[in-house]
1. Exactly one condition in (1) near ligand 2 (Cβ under 9 Å from one of its atoms); (2) in a loop (DSSP other than H, G, I, E, B) is not met by Cys45; state its number.
2. Pairs, please: C-beta under 7 Å, at least 6 apart or cross-chain, first residue in contact (Cβ under 8 Å) with a residue 12 or more places away in the chain and in segment 77-96, second in a helix (DSSP H, G or I) and of a type in the set (S, T, N, Q)?
3. Between a first residue in segment 43-57 that is farther than 17 Å from Glu72 by Cα and of a type in the set (Val, Ile, Thr) and a second residue that is within 10 Å of ligand 1 (Cβ to nearest atom) and outside any strand (DSSP E or B), which pairs have beta carbons less than 9 Å apart while being 6 or more apart in sequence or on different chains?
4. For segment 21-69, how many residues are away from ligand 1 (no atom under 15 Å from the Cβ) and touching a helix residue (DSSP H, G or I) at 6+ places or on another chain (Cβ under 7 Å)?
5. Suppose the filter is within 14 Å of the chain's Cα centre (by Cα) and surrounded by fewer than 19 Cβ atoms within 10 Å (Cβ to Cβ); does Leu86 pass it?
Amino acid sequence: MKPLRTQKKESLFPKVKKNIIQVRKQGDPPEEDLESMEGFICDLCLATAHRKGITQCPFCGRWVCRDVCYNEDELCCTSCAGVIKLMRESVVLEDLAQPVLEEKKKK
Ligand SMILES: [Zn+2]
Ligand SMILES: [Zn+2]
């Protein structure tokens, strides 16, 4: 029996939030590149990016460059994407472990 995908996503989000350290508050401005005056600094790779090329991660609040440090699949920075991947794997493991535990209780 496969668990519903929507259920899985709901249980995953708070777990991911718990495991990610917020670097910046949501809505806080990105670090300005004062040397080049050209744009903003990516919080992960420290490259300079223009305002349009930088985006704030909804999990950790880091401002990251879209080219290198933003994961389009997870819609967050590559750092958080790694945590999400780990959490997703652990959720899958929990899903597999639960029916076994319930069966033991019955006996
Ligand atoms: Zn970057
Ligand atoms: Zn992030």
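Computed from the coordinates by the stated procedures, all read-outs in this text should not be read as laboratory data. Since we're looking at a predicted model, the values are computed, not measured. A quick note on method: Cβ atoms are made from the backbone with ideal geometry, for glycine too, and the neighbour counts reach across all protein chains shown.
1. The one condition Cys45 does not meet is (1).
2. Val83/Asn19; Met87/Asn19; Val91/Ser11
3. Filtered contacts from segment 43-57: Thr48/Cys42.
4. Selection size over segment 21-69: 1.
5. When the stated conditions are applied, Leu86 passes them.
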